[in-house]
1. Bin width 5 Å, alpha-carbon pairs only: give the P(r) of the range 1-52 as whole percents, running from 0 to the bin holding the largest distance.
2. Over all Cα pairs of the range 126-239, how is the pair count split among 10 Å bins, expressed in % and running from 0 up to the last occupied bin?
3. Can you give the calculated 222 nm mean residue ellipticity of the chain, where each DSSP H run of n ≥ 4 adds -39,500 (n - 2.57) and the sum is split over every residue, rounded to the nearest 500 deg cm²/dmol?
4. In the chain, if the dipole is taken from +1 on Lys/Arg beta carbons and -1 on Asp/Glu beta carbons about the Cα centre, which of 20, 91, 221 is farthest to the positive end?
5. Counting pairs of alpha carbon atoms under 8 Å apart in space and at least six apart in sequence, what relative contact order in percent does the chain give?
6. Once the convex hull of the C-alpha atoms of the chain is built, how many Å³ does it hold per residue, rounded to a whole number?
7. Can you give the charge dipole size of the chain about its Cα centre, rounded to the nearest 20 debye, using +1 on the beta carbon of Lys and Arg and -1 on the beta carbon of Asp and Glu?
8. Which of the lysines could a cross-linker span from residue 7 if the Cα-Cα distance has to be under 23 Å and same-chain partners fewer than 8 positions apart are dropped?
Amino acid sequence: MIEIQGKMVYESLEEVIEPNHTALMIIDMQNGLASLDGYTARHSKFSIAHQREILPGVQKMLAAAREMGICIVHVQVVFDKNGGSSSPAWLYMSSRLRDLGAYWGHSMGNDRRTSQEVLIDGTWEAEIIPELEPLPNEIVVKKHRNTAFVNTRMDQILKSNRIDSLVVTGTSTAGCVLATCLDALWNDYYTVVVSDCIADGFPERHEAGVAILREKFDMPTSDEVLGIWAKQRVGVTAA
C-alpha cells in the first residue's frame, strides 16, 4: 500500500483484487439477453454472439471465485409486468433504444421491443442463463435501471460483506457495465473490469464503452486475474 493525502491506498492490481475484500460481479447475463433461445436472439437484429463469446471466460472466473470463497454477486435487470418500476422519463428514454442499432449503422426489425417489455420479473426471459446459474449461497441483486446501485441493496450488501473491490463482468459494455462501474467508483469501491468478459450487441458500441472504461479502471484479461488469484491461493495455502 501507499500513503496518499494521509490515507492508505492499494498500490497494485494484486492488492486491489485480493480475495478477502473482493467481489466478483456478473451483470445481466440473462436468457432474454444472452441465451440462444432468448428474445434478443430470436427477434431482433442485436447480436448475442459477443455474449456467447465471453461466456467461457465468465464461467472460468465464476469457478475460480467459488473455489476460493470469493464473494459472488449476480446482477439481474427486471421490470414489473404492470409497468410499476418504469417512470415516464425512463419509458421516454427506452423508446429511443428501439432505434439503437440504426444509430450504430445496423438495420433493425420492426418488432424490436424494449427490455421493459421483455425482462419481466419472474419470467424465463429474466432468469440468469443456466451456464451461470447462482448457487443458493450466492447473492442476486435485482435492478430496474442500467446501474446496479440505484434503488437496490447493492451498497448495503457489499459493505455488509466488507467488500472494497469489485471485479466486473457481463453485459452490456456501453450500457449496464459502464453505468455500474461508474456508480461503483462514485460509491468508493475499487473497480476492475475484466476486458475479455464484457460484451455488447454492436462492436462499435463495445469499443466506445471500453474507451470510456479504460480512462478510469484497470482492465486486465481473465487470465491475468486468474493468475493473480492462483498465486494468492498458493500463498494462503502455504501460510
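1. 4, 17, 16, 10, 8, 8, 10, 10, 9, 6, 2, 0
2. 12, 39, 38, 9, 1
3. Result for the chain: -11500 deg cm²/dmol, rounded to the nearest 500.
4. Positive-end residue among those listed: 91.
5. Normalised by residue count, the contact order of the chain is 26 percent.
6. Per residue, the Cα convex hull of the chain comes to 132 Å³.
7. Value, rounded to 20: 560 debye.
8. Residue 7 reaches 159, 216.
Each reported figure results from applying straightforward, stated rules to the coordinates on display, with no laboratory input. This is a predicted model, so every value here is computed, not measured. Ideal geometry is used to build each Cβ from the backbone, glycine not excepted, and the neighbour counts take in all protein chains shown.
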